[in-house]
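Colleague: This is the structure, below, for whatever I ask next.
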Amino acid sequence: MVKRLLVRAGIGLALAAVARIGIQKLMDANREDDHTYLNPRWDETPSVDADKDMGEVGLTQLDSIYRAEWQANAYPRSEAERKALEE
């Protein structure tokens, strides 16, 4: 009697594991992963603000991001500005 109960419990656990794996595969197949943000090619795309800002003309999107960061952090633009800040 105990042996029969253990066998049935083992079979039940095996079926539950198979069902779990099947459900997981179905959920993975239905999920649409959008990984385009991982490879946006910002260094090849022209700046989106080139028509609004004359300083953006000829820059790529990546250059535009760096430029915005440098302006926000007030990096000196030239060697003369850097020397003036040091003095």
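Colleague: Given the structure, is SER47 open to solvent by less than 100 Å² (accessible area, probe 1.4 Å) and modelled with pLDDT of 85 or more?
Modeller: Working: open to solvent by less than 100 Å² (accessible area, probe 1.4 Å): yes; modelled with pLDDT of 85 or more: yes.
Answer is yes for this residue.
Colleague: Same structure, new question: What residue, of ILE65, ILE11, is out of contact with any Ser or Thr (no Cβ under 6 Å at 6 or more places or on another chain), of a type in the set (A, V, I, L, M, F, W, C) and open to solvent by 80 Å² or more (accessible area, probe 1.4 Å)?
Modeller: ILE11
Per-residue answers, yes or no, for (1) touching an Asp or Glu at 6+ places or on another chain (Cβ under 8 Å); (2) assigned to a loop (DSSP other than H, G, I, E, B); (3) modelled with pLDDT of 85 or more; (4) under 30 Å from ILE65 (Cβ atoms):
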position	(1), (2), (3), (4)
ARG4	no, no, yes, no
GLY10	no, no, yes, no
ARG20	no, no, yes, no
LYS25	no, no, yes, no
GLU32	no, yes, no, yes
PRO40	no, yes, no, yes
ASP51	no, yes, yes, yes
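The values are calculated or read from the model by the stated rules, or taken from the named source; none is laboratory data. Quick caveat: nothing in here was measured; it's all calculated off a predicted structure. Here Cβ is always computed from backbone atoms with ideal geometry, including for glycine, and neighbour counts include all displayed protein chains. Note: areas computed on protein heavy atoms with side chains; ligands, DNA, RNA excluded. Shrake-Rupley method; radii C 1.70, N 1.55, O 1.52, S 1.80 Å.
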